Every structure is written in C-alpha cells, then in structure tokens.
Amino acid sequence: MKLQNGYKVTFLPEERIAVVKHGTSLLEAARKAGVILPTRCGGKAACLMCKVTVEQQESGALRPPGEAEQRKLGSLLEQGVRLACQAAVCSDVNVSVPEDPLKAAVRRRLEAARRGERDELW
C-alpha cells in the first residue's frame, strides 16, 4: 500500500521504519531509519557488506536484482539475500538486517554469563 509520502520500509528486528520514494535503495532507506548497514564501496555492489534478507513473499516489493547484484550474490538471491545498496523499493517491505558480529559475540557471552556458564577465555 503506497502511503501519501511513499512506501514504508521496516527494518527488523529493531522495527525501525523509513518512508521513502519509489526507487530508493534499501541502503538509503536504512540511513533514513537510523539503521547502520556497513559498506566500504560506497554503494557500488563491490564489498558485499550491506547484505540484508527479504522474505520470498515480499521479493516483489523490490526492483529485481540487476546484473551486478546477480553476479555478486548468485544462489544467495534464492534465499532472499539482497544488497541494500542495489535493491530499490517498489512497495512496502520488511527487511531483516543481520546482527553485527561484535554485538552478537557480546550478546552470546552475556547470555552465557546469565546461565552461569564460563568460556575458555575466562
């Protein structure tokens, strides 16, 4: 459903929302929503750091992958993985952002500590 000002892009798991115009990249939408997606290549599909996932039933909410994205992602496209710098919004969409590896490691250690577990680094 098109909103008056554009399309709603929801970034999960934080449920941050951006309303963007047709054709806006997911990378631009993420920045607008305050979601940090790493990138080194400046949005040229070279670094593969801005990978996100879109459920198969919502894949039509994004412009189909171009040649560069197809070449870089290959079979990952079949799993709903897209490059945020290349995927452009055509409709409302929910986008899953992978957890930052450092934050994931800290979270795992905190959860283990709560359970009373210790790891080999302690």
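Computed quantities for the displayed model
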{"quantity": "Meets criteria (within 18 Å of VAL9 (Cβ to Cβ), at pLDDT 95 or above and either basic (Lys, Arg) or out of contact with any helix residue (DSSP H, G or I) (no Cβ under 6 Å at 6 or more places or on another chain) (or both)) for ALA33", "calculated": "yes"}
{"quantity": "Residue in the range 28-36 that is surrounded by 12 or more Cβ atoms within 10 Å (Cβ to Cβ), within 12 Å of the chain's Cα centre (by Cα) and either in a strand (DSSP E or B) or not aliphatic (A, V, I, L, M) (or both) present", "calculated": "yes"}
{"quantity": "In the range 37-60, residue surrounded by the fewest Cβ atoms within 10 Å (Cβ to Cβ) [restricted to those that are touching a residue at least 40 places away in the same chain (Cβ under 8 Å) and of a type in the set (S, T, N, Q)]", "calculated": "THR53"}
{"quantity": "Elements of type strands (runs of 3 or more DSSP E) contained in the range 51-115, each with 1 or more residues being in contact with an Asp or Glu (Cβ under 7 Å, 6 or more places away or on another chain) and of a type in the set (S, T, N, Q)", "calculated": "93-96"}
{"quantity": "In the range 75-98, residue surrounded by the fewest Cβ atoms within 10 Å (Cβ to Cβ) [restricted to those that are touching a residue at least 12 places away in the same chain (Cβ under 8 Å) and more than 18 Å from GLU28 (Cβ to Cβ)]", "calculated": "GLN79"}
{"quantity": "Any hit, the range 7-21, residues being in contact (Cβ under 8 Å) with a residue 60 or more places away in the chain, part of a loop (DSSP other than H, G, I, E, B) and either under 17 Å from VAL97 (Cα atoms) or touching an Asp or Glu at 6+ places or on another chain (Cβ under 7 Å) (or both)", "calculated": "yes"}
{"quantity": "Cβ-Cβ under 9 Å pairs, at least 6 apart or on other chains, the range 61-74 side surrounded by fewer than 16 Cβ atoms within 10 Å (Cβ to Cβ), far side hydrophobic (A, V, I, L, M, F, W, C)", "calculated": "GLY66/ALA45; ALA68/ALA45; ALA68/ALA46; ALA68/LEU83; GLN70/LEU77; ARG71/ALA45"}
{"quantity": "Identity of the residue in the range 96-118, farther than 14 Å from PRO38 by Cα and of a type in the set (Asp, Glu), that ends up modelled with the lowest pLDDT", "calculated": "GLU117"}
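The values are calculated or read from the model by the stated rules, or taken from the named source; none is laboratory data. The structure displayed is predicted, hence computed values, not measured ones. When we count neighbours, we look across all protein chains shown, and the Cβ atoms used for this are built from the backbone with ideal geometry, even at glycine.
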